[in-house]
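A quick write-up on the structure given underneath.
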Amino acid sequence: MRFHPAVLMVMVWAACMGLFYILPFQLENRFMTLYGFMILALFIAVFCAGALSASLPMAQRPLPPGTTVDFRLADRALMLAASIAILAALADTAGRNVFDLAASYEIRSDRAGDLMAGRGSDSTIWFQLAFVTYPAGYVYIVREVAFRLRPVPWKIGVFGLLPVALASLAMGGRAPLFYALLMLVYGFALRRQLFPPKPAATRRPAPPAGWRPGMPRPTLRSKTPFRLNAPAKAAIGVLGLAMLVYFVQVFSARADVAGGIDAMFGVAGGQWGVNFNGRGSDVFFSLLGPDATYMVFVFVWYWIQGYVMSNAVFSTYDGPALLGVYGIDLISALMRRLNGQFVADGYSHLGAINVYGFLPSAFGALYVDLKFFGLLVSGGWGWLTGLVYRRVKQGVDPRWLLAVPFVTLGIAFSTIGTPIGFSNGLVTHFWMVLTLVLSRTIRVQTPPAAGSPARRKA
């Protein structure tokens with residue numbers, strides 16, 4: 001981990017606020033209060049205090065030589081879950097045109113309406129199976145890419161990317177694909193710590209036939225771990241480009257449903273309460289044109305809207321504490337079956353302040369679910385991130401490195417939601433913790449080098 005969790009949290013929110021005030025975002029029919037900003041700062045401060053109480057910033061210590069992780073049992077669990085997710089997603093999408101983005105948008109809108117009304121979900125058993133198993137693919141991506149000496153590409157594709165891609169098509173969403181790509185990139189970043197560069201071995205083989213004195217003698221190189229070479233970087237770049245095209249197509253399809261880009265700007269101003277017509281907007285429209293400007297607007301707004309929505313929540317939400325219904329998908333699904341009226345009443349308060357359907361940030365979600373008791377959860381979240389940071393920096397147990405992408409992205413996406421609420425986060429963290437439990441750290445005894453005191457003594 002390059003940054004302490006407290007430092008990273010401050011950096012993330014500083015960047016979020018900077019983008020909101022630097023780019024030409026303009027609020028319409030919305031207002032922000034100093035009180036809301038102060039409560040947001042309080043939540044962030046409590047998180048930082050929790051992280052600092054677990055660990056102060058410290059230098060990275062190298063892993064002991066010969067330390068590795070046995071993932072054999074965890075691999076079986078992850079591959080089984082990924083296989084179930086693939087089969088369940090295929091069964092759920094059979095007979096559907098999952099590439100009809102306009103139809104997917106309508107389905108998601110209908111589901112949002114059912115959620116706001118507290119009606120039970122009409123999802124199939126196959127969808128439910130895929131929902132609780134596909135996040136194992138995220139964990140498998142990190143495990144395979146970061147911890148294996150030479151990752152196996154087909155395993156990354158089949159047990160990592162494929163269940164996530166199929167689940168994303170079944171749900172009609174974009175976040176799972178984006179999250180998977182980030183896990184892939186982060187996995188390669190972790191390899192630098194798990195497999196640091198080593199000097200080539202200098203042991204000389206027998207001279208080849210035809211060798212004469214004065215000619216250079218070849219040296220043997222030990223087997224080296226896989227490095228991210230040019231073809232691998234190109235493959236990741238192509239994958240990222242394909243995902244970007246898919247995201248653009250999704251936003252374009254939604255704009256077409258609304259009547260085009262110009263109509264979508266009208267929807268943003270009238271229903272979202274924000275537009276992109278502030279100071280400097282004419283520069284974007286003249287250089288990029290309406291279509292590209294809309295893409296910049298909607299991509300950035302997706303990440304920073306939690307700053308605006310959390311302010312509205314802190315300032316005006318007067319509904320009951322929703323006890324996890326707002327921030328955790330599984331609790332929401334369970335409560336809709338047990339007490340749909342409670343869900344509907346809570347969401348009606350969010351609809352009254354024009355927050356329902358938007359991303360409230362991690363701290364806004366905690367406030368809706370727990371009111372000021374959410375500060376305790378924020379501090380506990382910070383403490384857990386500080387614990388992971390300390391264990392990683394101590395360089396004793398490499399298993400803790402598996403949690404680094406999930407901890408880091410949980411902070412990076414705190415402007416959207418909580419780590420256990422964003423992109424099916426509760427189930428994702430379940431598979432991550434299960435993998436840590438099922439794996440074990442082992443230390444391989446390396447024989448002493450020739451000529452060393454231990455070898456001479458033996």
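Restrict the check to region 310-328 and report whether at least one residue is among the hydrophobic types (A, V, I, L, M, F, W, C) and open to solvent by 60 Å² or more (accessible area, probe 1.4 Å). Show your work before the answer.
Taking region 310-328 as the starting set, the residues that turn out to be among the hydrophobic types (A, V, I, L, M, F, W, C) are 312-314, 321-323, 325, 328.
In the following step, the residues that additionally are open to solvent by 60 Å² or more (accessible area, probe 1.4 Å) were identified as 323.
Within region 310-328, one or more residues are among the hydrophobic types (A, V, I, L, M, F, W, C) and open to solvent by 60 Å² or more (accessible area, probe 1.4 Å).
Out of region 410-451, which residues are at pLDDT below 90, small (Gly, Ala, Ser) and closer than 29 Å to residue 9 by Cβ?
421, 423
Count, please, the residues in region 9-31 that happen to be open to solvent by less than 70 Å² (accessible area, probe 1.4 Å) and in contact (Cβ under 8 Å) with a residue 60 or more places away in the chain.
Restricting attention to region 9-31, the residues satisfying the condition of being open to solvent by less than 70 Å² (accessible area, probe 1.4 Å) are 9, 12-20, 23-25, 27-28, 30.
Those left that are additionally in contact (Cβ under 8 Å) with a residue 60 or more places away in the chain: 9, 12-13, 16-17, 19-20, 23-25, 27-28, 30.
Number of matching residues: 13.
Considering each residue of region 50-71, count those that are assigned to a helix (DSSP H, G or I) and not small (Gly, Ala, Ser), and give that number.
Here the count works out to 1.
For region 32-49, give me each residue that is without any contact (Cβ under 8 Å) to a residue 24 or more places away in the chain and either outside any helix (DSSP H, G or I) or surrounded by 13 or more Cβ atoms within 10 Å (Cβ to Cβ) (or both). Break it down stepwise before answering.
Taking region 32-49 and keeping what is without any contact (Cβ under 8 Å) to a residue 24 or more places away in the chain, we get 34, 38, 41, 45.
Residue satisfying the conditions is 45 alone.
Would you point out the residue of region 391-402, among those that are in contact (Cβ under 8 Å) with a residue 24 or more places away in the chain and among the basic types (Lys, Arg), that is surrounded by the fewest Cβ atoms within 10 Å (Cβ to Cβ)?
393
Considering each of 407, 377, 388 in turn, give the residue that is modelled with pLDDT of 95 or more and open to solvent by 40 Å² or more (accessible area, probe 1.4 Å).
On the way: 407 fails: open to solvent by 40 Å² or more (accessible area, probe 1.4 Å); 388 fails: open to solvent by 40 Å² or more (accessible area, probe 1.4 Å).
The match here is 377.
So how many residues does region 148-163 have that are farther than 12 Å from residue 81 by Cβ and either surrounded by 17 or more Cβ atoms within 10 Å (Cβ to Cβ) or without any contact (Cβ under 8 Å) to a residue 12 or more places away in the chain (or both)? Show your work before the answer.
Within region 148-163, the first condition is being farther than 12 Å from residue 81 by Cβ, and the residues that meet it are 148-158, 161-162.
From what is left, the residues that are either surrounded by 17 or more Cβ atoms within 10 Å (Cβ to Cβ) or without any contact (Cβ under 8 Å) to a residue 12 or more places away in the chain (or both) are 148, 151-158, 161-162.
Qualifying residue count for the region: 11.
Need pairs with beta-carbon distance below 6 Å; first residue farther than 14 Å from residue 161 by Cβ and within region 74-88, second small (Gly, Ala, Ser); sequence gap 6+ or separate chains.
Short answer, once both residue conditions are applied: 74/439; 81/136; 88/130.
Among what's in region 120-147 and is open to solvent by 50 Å² or more (accessible area, probe 1.4 Å) and at pLDDT 90 or above, pick the residue that is nearest to the chain's Cα centre (by Cα).
We begin by selecting, within region 120-147, every residue open to solvent by 50 Å² or more (accessible area, probe 1.4 Å); these are 122, 124-126, 128-129, 132.
Checking which are at pLDDT 90 or above leaves us with 129, 132.
On the way: 129: 21, 132: 16 Å.
Residue satisfying both the conditions and the ranking: 132.
Residues 172, 160, 210: which one is at pLDDT below 90 and closer than 30 Å to residue 417 by Cα? Steps first, answer last, please.
On the way: 160 fails: at pLDDT below 90; 210 fails: closer than 30 Å to residue 417 by Cα.
Result of the check over 172, 160, 210: 172.
The values are calculated or read from the model by the stated rules, or taken from the named source; none is laboratory data. Being a predicted model, the structure only gives us computed values, none of them experimental. Reconstructed Cβ throughout: ideal geometry from the backbone, glycine too, with neighbour counts over all protein chains shown. Accessible surface is based on the protein model in full, side chains and every heavy atom, while ligands, DNA and RNA are left aside. Shrake-Rupley method; radii C 1.70, N 1.55, O 1.52, S 1.80 Å.
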